[in-house]
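All remarks here apply to the structure that follows.
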């Protein structure tokens, strides 16, 4: 049995799991505060964990924000607030399941605390790392305890994580191996909430006045689509954030992209933006670009010929699965 912890910040960690899952041979138990996806794969159980960021109820009935309950244990951990029942319960659920289900490898994407728990229970761990500055004590602890550290990018792109057990898989995309749609000239696709609504609206107006088609996925409340691939692979230009899944999807689509790094912990997206700029894979915006700047970058990127093979997307999900299967005891 394989265990897999999916962090609840955003949807990227769950998306990565769903990309790798078809390549795993054994049953999987997922642990997450997120609700399970509607299309949960066969032989996969999703264990919903209690929240660990709601207020702590003290004995006198008063409430305390978890941020005020020494959540970092003096800087040794990322999140373990004292006296939080939800935090205690979620770790207890994971520990009980490791024993009851005979979980023989635990994938942790991402949590230094869950990685430490699994290793304390004698379970091999595969810790997923991310770009950015990850040399703080909790990250270093997770890497030291891991049997393998899985880096979902190609060798030589980001600085190597501080772990000799790191395996580079290439960028993991849910669209790896799919045939692209026919590319539509003078069409722009905006992925996610990469800019404030007034900037997006002004960008759309400027592009429309110049004869461009402008569409979005995930920028508003009513623009989700069941399968983004036809638009992603068929648009002339993509405007996207610099998250790991987003960039892997751009690579899978061989996209001409304007990338707008978002503020994230440990400068994750800023670091990825610098890699994209250095390797000529995208036009990368500075923080908070205005509409005129975005339109100028969209015109500029049409002449870019990025070599997305550098991102190593082809076969990446299968390589990640092989790392996980090979770590089992």
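Take every Cα pair under 8 Å whose residues are at least 6 apart in sequence, average their separation, divide by the length of the range 184-310, and the relative contact order is 26 percent. Going from the residue with the fewest nearby Cβ atoms within 10 Å to the one with the most, 98, 56 rank 56, 98. As a proxy for reagent exposure, ranking 89, 187 by other Cβ atoms within 10 Å from fewest up yields 89, 187. Only alpha carbons enter this Debye calculation for the range 184-310, each as an equal point scatterer, and the log10 of I(q)/I(0) it gives at q = 0.11, 0.18, 0.21, 0.22 Å⁻¹ is -0.32, -0.93, -1.31, -1.45. Using only Cα atoms and rounding to the nearest 10 degrees, what angle (0 to 90) does helix 268-278 make with the longest principal axis of the chain? So the inclination is approximately 40 degrees. Its Cα gyration tensor gives the chain an equivalent ellipsoid; the semi-axes, largest first and in whole Å, are 36, 23, 19.
If I model the range 219-261 as equal point scatterers sitting on the Cα atoms and use the Debye formula, what is log10 I(q)/I(0) at q = 0.20, 0.24, 0.28 Å⁻¹? Per q value, in the given order, log10 I(q)/I(0) is -0.63, -0.89, -1.13. Give me the percent relative contact order of the range 224-273, please, defined on Cα pairs under 8 angstrom at least 6 residues apart. Here the relative contact order equals 36 percent. Taking the fewest neighbouring Cβ atoms within 10 Å as the starting point, the ordered list for 11, 233 is 11, 233. Comparing mean-square fluctuations of 150, 121, 189 from a GNM of the chain with C-alpha springs under 10 Å, the top value falls on 121. Altogether, the Stokes-Einstein calculation at 37 °C and 0.692 mPa s, with the Kirkwood radius of the range 73-204 over Cα pairs as Rh, returns a diffusion coefficient of 183 µm²/s.
Note on the range 1-114: semi-axes of the ellipsoid equivalent to its C-alpha gyration tensor, largest first and rounded to whole Å, are 28, 14, 13. Helix 85-100 and the long axis of the chain differ in direction by around 80°, with both axes built from C-alpha atoms.
Just how far, in whole angstrom, is the range 166-215 from the range 99-120 if you go by their alpha carbon centroids? Their Cα centres are 36 Å away from one another.
Coordinate-derived values only; no laboratory data. Fair warning: this is a prediction, and the values are worked out from it, not measured in the lab. Quick reminder, even Gly has a Cβ in these numbers, built from the backbone with ideal geometry, and neighbours come from all protein chains shown.
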